[in-house]
Amino acid sequence: EKAVSVVKAGETIYARGGISTLTATISLRKGGTASAGISLLAYPGEKPVLDFSGQTLGGSNRGVVLTGSWWHIKGFVIRGAGDNGMLITGGN
């Protein structure tokens, strides 16, 4: 969550493997550009798991909400969200 709050266009966030138990939605609002996107990637050879099993079912209990533009997300398992594991709205 800290990395998401400080990342800038053209930068990459690497998440280490293991299970992260979360109850709050992760919002990806910042945007990159066509020539300087933002990458959120699994650390090479590892598998990060975002476990939202603590959320109540239904409503707007989403795991990850992406509204920013020019993100590249790869290598994650998102499970147990109350509504959508990942909701992508707007952006590129």
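The values are calculated or read from the model by the stated rules, or taken from the named source; none is laboratory data. Keep in mind the model is a prediction, meaning the values are calculated, not measured. Note that we place each Cβ from the backbone using ideal geometry, even for glycine, and neighbour counts take in every protein chain shown. Just the protein is used for accessible areas: all its heavy atoms, side chains included, with ligands, DNA and RNA removed. Shrake-Rupley method; radii C 1.70, N 1.55, O 1.52, S 1.80 Å.
Residues to consider are G31, G68, G59; find the one that is open to solvent by 30 Å² or more (accessible area, probe 1.4 Å), farther than 11 Å from G82 by Cβ and small (G, A, S).
None of the other options fit; the residue is G31.
The criterion of at least 1 residues that are of a type outside the set (A, V, I, L, M) and at pLDDT 95 or above is met by the following strands (runs of 3 or more DSSP E) wholly inside region 4-92: 12-15, 18-21, 38-42, 48-51, 71-74, 77-79.
Within region 2-17, restricting attention to residues that are out of contact with any Asp or Glu (no Cβ under 8 Å at 6 or more places or on another chain) and loosely packed, with under 11 Cβ neighbours inside 10 Å, the residue that is farthest from G54 (Cα to Cα) is K8.
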